[in-house]
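The next block holds one structure in the form of structure tokens; read it before the comments.
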Amino acid sequence: MADVNTKNLSTGARAVMKKIHPCGSNLFLITRTGADVKLQCLGCNHIIMLDLNKALKSIKSIIL
């Protein structure tokens with residue numbers, strides 16, 4: 001696991017979030033990066049988009 005910053009925020013990486021998704025999973029797949037970050041829940045395949053600052057605050061760690 002690595003510290004969260006913009007360098008290791010890459011597509012295809014898995015993000016462990018601080019809060020649990022309503023489906024019970026806290027693992028998300030990063031599918032898009034830039035000014036907005038697109039995340040796909042690995043529990044229920046729900047897709048969310050967060051702005052970069054909110055995403056960096058919400059992610060606990062990155063699994064490369």
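Side notes on the structure shown:
- Unmatched cysteines, the chain - criterion: no other Cβ of a Cys under 4.7 angstrom: 41
- Were the residues from residue 11 through residue 52 laid out at 0.36 nm apart, the gain over their Cα-Cα distance would be 13.4 nm.
- Set of lysines with alpha-carbon distance to residue 19 below 17 Å, sequence-local pairs under 8 removed: 38, 54, 57, 60
- Computed per residue of the chain from DSSP H runs no shorter than four, each worth -39500 (n - 2.57), the mean residue ellipticity at 222 nm is -2500 deg cm²/dmol.
- Measuring r between the beta carbons of residue 18 and residue 45 and using R0 = 25 Å, the FRET efficiency lands at 0.75.
- Proxy reagent accessibility, fewest Cβ within 10 Å first, across 54, 19: 19, 54
- Using Cβ point charges alone (K and R +1, D and E -1), the dipole size of the chain about the Cα centre works out to roughly 100 debye.
- In plain terms, the residue of 10, 25 with the fewest other Cβ atoms within 10 Å comes first and the most crowded comes last, giving 10, 25.
- Count Lys and Arg as plus one, Asp and Glu as minus one, and take only other residues whose Cβ is under 14 Å from that of residue 41; the net charge is then +3.
- Given R0 = 22 Å, the distance between the Cβ atoms of residue 60 and residue 36 translates into a calculated FRET efficiency of 0.65.
Here, each number is a calculation from the coordinates, and none is a lab measurement. Since this is a predicted model, take the numbers as computed values, not measurements. Don't worry about glycine lacking a Cβ; one is built from the backbone with ideal geometry, like all the others, and counts go over all protein chains shown.
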